[in-house]
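Notes for the one structure printed next.
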Amino acid sequence: MPSAGRLLLSSEQIQKRVRELAAQIDADYADGPIYLISVLKGAFMFVADLSRALKKRSVRIEFMAISSYGNQKTSSGQVKVTHDLDVNIEGHNVLIVEDIIDSGVTLSYLRRILEQRRPKSLEIVTLLDKPERRVAPVAVKYVGFRIPDQFVVGYGLDYAEDYRNLSDICVLSSEPELRLEGVSL
Ligand code: PRP
Ligand code: 7HP
């Protein structure tokens, strides 16, 4: 198993940015419920923190699971919904909550299928964005951090299902000497 690698974003940096994003979202939406649609598995930590930081409205949390990476570092390009919503989002304010946008294949597909369900509004919040990697353009309203084209793990993000539980985000490295550097396990 490769080591986690070099620290990119500390837990403190992430938590501060999550609070800023929540304040922006709170300010942008009129009163009324907002549906956070979290994309499993990677966004599970982000949605947990973001939802607790939203103070001004009722928040409903729903999960979808979509897979395109398998155990690889690049998208297969084949997007598959492995768990769909349990609710009807027609007429509701919906915010898709993602951990990362890379090629954009996953979110452009998800946005398209959710738009067909006629929400009142549909926006995207992603913690991380790798703009250099974009293949499929997708409009994203809220971005936590723009990061370079490096494979990152932690705070929900995995490599072959490992490292999701790290509180920090690290650049994946297979260098043994970097093992756990700056990582709070
Ligand atoms: C990751 C991530 C995004 C997607 C982004 O999911 O959580 O959903 O890849 O990549 P893209 O912009 O190139 O489509 P993954 O398929 O690895 O599943 P996971 O969330 O369960 O780790
Ligand atoms: C998907 C993904 N998962 C974990 N780390 C990254 O850097 C990733 N890019 N796209």
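What the table below lists for this structure:
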| quantity | calculated |
| --- | --- |
| Within the stretch 95-106, tally of residues that are in contact (Cβ under 8 Å) with a residue 60 or more places away in the chain and over 14 Å from A65 (Cβ atoms) | 1 |
| Count of the stretch 137-158 residues which are farther than 18 Å from I14 by Cβ and within 13 Å of ligand 2 (Cβ to nearest atom) | 1 |
| Some residue of the stretch 78-96 being under 15 Å from L21 (Cα atoms) and either at pLDDT 95 or above or touching a strand residue (DSSP E or B) at 6+ places or on another chain (Cβ under 6 Å) (or both) | yes |
| Every residue from the stretch 20-72 that is touching a Lys or Arg at 6+ places or on another chain (Cβ under 9 Å), within 16 Å of ligand 2 (Cβ to nearest atom) and touching a residue at least 24 places away in the same chain (Cβ under 8 Å) | K41, G42, F44, M45, A65, I66, S68 |
| Residues (within 13 Å of ligand 1 (Cβ to nearest atom), aromatic (F, W, Y) and in contact with a helix residue (DSSP H, G or I) (Cβ under 8 Å, 6 or more places away or on another chain)) located in the stretch 134-168 | Y155 |
| Some residue of the stretch 101-111 being closer than 28 Å to P33 by Cβ and touching a Pro at 6+ places or on another chain (Cβ under 6 Å) | no |
| Flag for E123 being touching a Pro at 6+ places or on another chain (Cβ under 8 Å), modelled with pLDDT of 95 or more and either more than 10 Å from ligand 2 (Cβ to nearest atom) or not in a helix (DSSP H, G or I) (or both) | no |
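The values are calculated or read from the model by the stated rules, or taken from the named source; none is laboratory data. If you're wondering where the values come from, they're calculated on a predicted model, not measured in any experiment. Virtual Cβ from ideal backbone geometry, glycine too; neighbours counted across all protein chains shown.
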